[in-house]
Each structure stands twice: as structure tokens, then as C-alpha cells.
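A short worksheet on the structure shown next.
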Amino acid sequence: MKKIFIFTLSLSFILLNPNPSFGNTSCEKSSNYLIAYECYKNLKKNYLAVENLENLKKTTAEEVHDFIEYKKILLLKEYDDIDKNIDKFKIYYSNSQLIKKIELIKAENLFNQKKGKELIQFLKNFEKEYKLSLNDKLRIKYLKALNLHRDKEYKSAFKLIKNIGVRNTTFKSKEITSAILNYKIRHNLILSKKEKIKRLENLYNNGQYSLFMSEFEDKLSPKILINKALIKIKSNEPNEGLRILRKISKGEFTSTGSQSQDLEVIAESKYRIILFNLKTADNNSLLASELKSILTNYPNYTKTNEAGYLSARLFTLDKNYKDAIKVYNWLIKTKSKGYIDKSFYGLGFSEYMLGNYKNAIGYFASLKESNQSYYSQLGSYWTGKSFIKLGDENLAFTEFNTLIKENKIGFYPFMASKILKIKPTKNSASTKFKNTKLHQSDINLLSLSKENPKLRREIETYIRNKINLSNYKSYLTELYNADEYNLGIKISYSYKSNNKFKFPKGYKNIVDKYSKKYGVDSNLVFALIREESLFDPNAKSWVGAKGLMQLMDYTADMLDKELKIKSSLFNPEDNINLGTYYIMKLMKRFDNNIPNVLAAYNGGPKNVELWRQRFNNLEDDAFIESIPFKETNGYVKRVLRSYHYYKSNN
């Protein structure tokens, strides 16, 4: 029998909303109850927000009613009868994943009702009953601090507040920062020097630069001074940032009292200056030599491995392979954590480029034993390439065939298949799976949230928490058939699932339309969309790239002018039109060389022109390995891996 669950709205709630209609608003234009709810909520018109939740509940199945009632409780939690609604929720939805969230609302309500002793006992039981996330623990700690403060136990309250403010600077940042200041002014309770330094470090690491600068104090710590310099550089004040770093590199700072720590600070400042200069340097070997001097002069510097590998890599990019080999050998000799596989690869590639193919095979053979699939594939591929250079095609082809057999998907199997001239196998199987419709309510709720990224993320989490080993296949199938590719891809990597869920052909009709129009392989477009946005039409990167094919505004404006149209980058059709047209332009510019085209799409056409000059006559695989931008290097490999999959499962 279907459960009936109706929350009662208190008279006080109605009285606080004397004009329920509120006149016409933009919210009324939406026929989507979920989006209308969010709209009214943001306008603080809670009565209409609740009304839309009730309408949403009437049009959805019981499977998602716990989510709807939870949202309603969030709206009504400040009203007198909320306890009754919470208790009803716990009865009707006793197995809901949202029970823990509801209990925390109950705790907050106890605090608001000034039931301090009851709150403390409630929190004690809560901590025993549930597995707590970091956010749960912080909310509990914050409630305890507020309760202690109200009881005028200021020292105990401040202890909890500063613990949050020092270690977890993003949690209720505004409230915690204000509380720390108030305790200082009203109760003379302050952070210790050590706590101030730790808080500033975490503010910097979490990107809270404005707050960092407002709390920065001179002479606290030279490490903090370096962070200030880096913020200046990131805030378009590079000269001031570099001035600070250069002073520190000369030892012009207040000593920490420890020689080893002072040397660490000097080494760090020198390293940061080199990293800055790397952006505009023409002579990589000069910077590589400066990095080597840090290794020599500051052997206990905590980033010696990182600096050493960068030094070797810069020598490699300048084709200064002999010097690169020396640094790679040093990294292996010192057993540099996290850089052993990279160093064996660097040694093998350097020897390969020097024509010492037998030496190269020795290093690549070590990589084949790596417990990381990427490096074992890399070692196998370049072993095969080395055998080709030695004129032994039989051994080379055996290596390539083994690589392909053991790894169905990957950049290096793709490159091996090109050498062996293996044509992709045409798979005529349907790309649709039998739809069970067991989770239709979840899928519909997800679909309704498309217009609101924040709400969508919340619903994605709600759905993911329902998925387990017994139902993941039906969820993946329904997400796939509902064109909800982004969430499907993310979930597919948590389970042993069909690769078609990992590599969907989303927006197929649009991709086929513009691929045909501009003469671009549709498989390449699918691969690029997958790696750019995971088929999320609302994707936006930290630098401002937008939509399925992650186009920047200035690129889109240029393409719009050429096509004499006006596009919206979050519109799938517009985005795919512009992105595919842009690929066509790059194909013409770079002679249909796909690795060059992909490098240009990610790293910029002008950079690729420079790389082509620097690495003139290199084969495609060696060119890709030599791309200096770490992001672009990995990007090209990932897109080519996906391109190979799509071609092989066409």
C-alpha cells in the first residue's frame, strides 16, 4: 500500500506569509516544479516554494519522495512544528539515506530552541549511531561551540572555533572568521603564532587569497611570506611578487631560528622564481642547470625530487639528452619517491633519441614490470619501437601484439595498432540497452535539475548513494538510455561495467550532422567531447571554457563571425557546431595531422607551430612525448585513446 505523507504547515508559517500569491514573478514562468521551487526559495518566498514541492511530489513516484520532503524540511526548519515533520520523516522514510541529514537538522533545531543539555546528549548518541563524514564532524563541532558560547564558556567555545578555523578554513568561512575576530576583541582570546601560520597556510592552499591577505602579518614566517609573493604573482602583481621572492632567495628575511628551515625557505624561493621564469624562457637548459644547482646546494630541500625531475625534463625538451640522463640516473639512485617510473621512461626515451636503442630497451624493459598500467604499456610500446630501429620487426610485432592483446583500451595500444595497420573492428551491436525502468523517478528528478548546476550536483549525490553492486547495471542502463551520459560515465568507473557506459556516443544526431557538414571524423568529435566535458553540456572550466567541447568565449566569438551566427556555448547544438568547425580549421592548418590538431585545440595553435619547429621531423609518437605542456601532453594521449575506442566500436 502506498504511503501517504503530508507535512502540516503551521499557522505561524501562513501568517508570516500574508500574501501567498506574491504577484507575478519570473518563477511563475517555469513549468518545472523543481526549478520553480528553487527560484521561490532564493526569493525567500517559502510558501510558494513548498507549494511547488507539493506539486512535484504529486507528479513523481514514492522512490524520490524522501528527497522532496527533505527539501521541504530545510525550508521549514525555523518554524515551530518542524519537530513533528522531522519525526514523521523518520517514521515514513526510516531507510532513507537522508536520515542522517534530517538528524542534523534536528540537532540545529534543539540549539535554536535553547535546549542545550538535550542537544549535547543528542549529539553524543548521533556520533555513536552514524558513520560521520568530515562535514558532519565539523557541523557537530560548530554546534557544540555555539552551545558553549551561549553558556558563557568562552574559552571552551573558542577552542572548538579555532580548531575549525585553523584546520578547515572553507567550512563556514565567514562565520568562523567573524567569531575568531570577536573572541579577540571581546574576550582577549587569540590564535597562537603557530596557529596563525597554520591557518594562513590552509587559506593559501584552499585558494582563499583575499582572506589570506587580510590576515597576513609581517615576520610571522618566511614560508608565509613566500605564499604572499605567489598570491601577488597570481593577482597580476608579478613584479612585487618576484621582488619578495628575490629578497628571500638572498637570505633577506627574519630567521626561523633553525638553519635547516632557513635553507628550505631559500631553496623554495629559488625554485618558485625558476617556475615563474619557465613561462617565458627560451633556454630550457639554462633553467634546468639552475634547478640542478638547487639539488647540489640544498640537498635536504623537501622538493628535490620534484625539482630534479623538472630539470631532467627540461634538458630532454631541449634535446640535451646527455645531461638529462645524468639527472634521471640521480633520481633512480636516490630512490626518489614517485619518480622511479618517470625516470626509467626518461632514460629510455633519451637513449632512444640518441640512437642507443639497445640501452633504451634495457630501461623500457624495467618499465614493463611497473605496477602502474600506464607505464607498463609505455615500456612495452617503446620496446617495440626500439626493436624496429634495430631492424628486428619480428620481436617488435610480437611486443605490439602482446600489448594490444593485454590492453584493449589505451593510447599505446592505439599507436601499436597503427604500426601493425590493424583496422578497427566494426561492431554492429546496438548502442541501446534494454531499459528496466526501475529507477525512472530518480532519472526524471535528475532531468528536471538540468537548469540548475548546484541542484543537479545534489541530486547526482542522492542518486549515487542509492547505487550498489546489486543495482548498478540497471542504473547505468537507465542513465544511458535517458542520455544522462555524464553521471553514467562517473558511476561506470566504480563498477565492472560495459565499456559502452564509459564511452557513450552522446548527442549522436548533432555530432553526425556537423561532422558530415565539415568533413570531420565523428569518432574524433566524440572522443574530444568525452575528454573535454564528459558529455556535460553545462561544463565550465576554471579558465572559462564552456560547454561540451569546452570553447573559450574569444574563440567562439571568432568562429561566430566566420559563420555569421550567434551561438550559446551551453547549447549542445551551438557548441558542437562551433567545436567541429574549429577542428576542421585546425585540420587544414596542420595538414590533417590529428596529434597536432589535438595539441593545438588544447595548447593553442601558435604553441604547436613552435613545437613543430623545435621538434622538426619527429614521428608522431615522439612528438607527442615531447609536448612540453604537461596538461596538453596528457590530453592528446587521452583523446587518441578514446578516438581509438570509438573507431573500434563504430
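The values are calculated or read from the model by the stated rules, or taken from the named source; none is laboratory data. Quick caveat, the model's predicted, so the values are computed rather than measured. Neighbour counts are summed over all protein chains in view; Cβ atoms, including those assigned to glycine, are modelled from backbone coordinates with ideal geometry. We work out accessible area using only protein heavy atoms, side chains counted, and drop any ligands, DNA or RNA first. Shrake-Rupley method; radii C 1.70, N 1.55, O 1.52, S 1.80 Å.
The ellipsoid that matches the Cα gyration tensor of region 40-176 has semi-axes, each √(5λ) in whole angstrom, of 30, 17, 15, with the longest given first. Ile197 sits among other residues whose Cβ lies under 12 Å from its own Cβ, and their net charge, with Lys and Arg +1 and Asp and Glu -1, is +3. Helices in the chain, meaning DSSP H runs of at least 4 residues, each add -39500 (n - 2.57). Divided by all residues, the mean residue ellipticity at 222 nm is -21000 deg cm²/dmol. Summary value for region 564-626: 17 percent relative contact order, contacts being C-alpha pairs under 8 angstrom separated by 6+ residues.
From most to least packed by mean Cβ count within 10 Å, the peptides 563-571, 246-254 give 246-254, 563-571.
A Förster distance of 41 Å, applied to the separation of the beta-carbon atoms of Asn499 and Thr280, puts the FRET efficiency at 0.45. Taking label points 7 Å from Cα along the Cα-to-Cβ direction, Asn650 and Arg457 give a separation of 3.9 nm. Region 571-650 gives an Rg/Rh value of 0.99, both radii derived from C-alpha positions and Rh following Kirkwood.
Each label point was placed 7 Å from the Cα along the Cα-to-Cβ direction; for Lys193 and Ser133 their separation is 3.9 nm. Probing with 1.4 Å while keeping every protein chain in the model, the per residue accessible area of the chain equals 52 Å².
The mean sequence separation of alpha-carbon pairs under 8 Å and at least six residues apart, normalised by the residue count of the chain, gives a relative contact order of 7 percent.
Near Leu551, the amide H atoms lying under 5 Å from its own belong to Lys546; only residues 5 or more places off or on other chains count, and H is placed 1.01 Å from N.
Starting from region 313-396, pick out the trypsin sites (Lys or Arg not before Pro) whose DSSP state is loop and whose Cβ has at most 12 other Cβ atoms within 10 Å. Answer in residue order: Lys335, Lys337.
Modelled label positions at Trp542 and Leu420, each set 7 Å beyond Cα in the direction of Cβ, lie 4.0 nm from each other. If you take all other residues with their beta carbon under 11 Å from the beta carbon of Leu134, and give Lys and Arg +1 and Asp and Glu -1, the sum is +3.
Against the empirical curve 2.2 N^0.38 Å, the C-alpha radius of gyration of region 227-293 lands at a ratio of 1.16. Segment Lys117..Arg464, full-extension length gain: 121.3 nm, with 0.36 nm per residue of separation and the alpha-carbon distance subtracted.
Okay, which of region 164-180 sit inside 18 Å, backbone N to the point 7 Å along the Cα-Cβ direction of Ser156? Backbone N within reach: 164. What is the chain by shape, rounded, prolate or oblate, if you read a ≥ b ≥ c off the alpha carbon gyration tensor as root eigenvalues and call it rounded for a/c under 1.5, prolate for a/b larger than b/c, and oblate otherwise? It comes out oblate by the Cα gyration axes.
The stretch between Glu609 and Lys585 holds 7.2 nm of extra length on full extension. This uses 0.36 nm per residue minus the Cα-Cα distance.
Between the beta carbons of Asp553 and Lys234, assuming R0 = 30 Å, the FRET efficiency works out to 0.90 to the nearest 0.05. Given a 1.4 Å probe and every protein chain left where it sits, what share in percent of the accessible area of the chain is carbon and sulfur? Answer for the chain: carbon and sulfur cover 50 percent of the accessible area. Full extension of the chain segment joining Lys337 with Asn163 gains 59.4 nm, where the gain is 0.36 nm per residue of separation less the Cα-Cα distance. Under the rule a/c < 1.5 gives rounded, and otherwise a/b versus b/c splits prolate from oblate, where does region 43-99 land using the Cα gyration tensor? Oblate, since a/c reaches 1.5 and b/c is not below a/b. Normalising the average separation of contacting C-alpha pairs (under 8 angstrom, six or more residues apart) by the number of residues puts the relative contact order of region 144-269 at 15 percent. When the label point is put 7 Å from the Cα of Asn205 along its Cα-to-beta-carbon vector, which residues of region 163-186 have a backbone N closer than 15 Å? The answer is 164-171, whose backbone nitrogens lie closer than 15 Å to the label point. Convex hull of alpha carbon positions in region 526-613: directionally averaged projected area 5.5 nm².
Over 21 Å apart at the Cα level, from the set Lys141/Lys198; Lys585/Lys630; Lys337/Lys637; Lys71/Lys100, are Lys585/Lys630; Lys337/Lys637.
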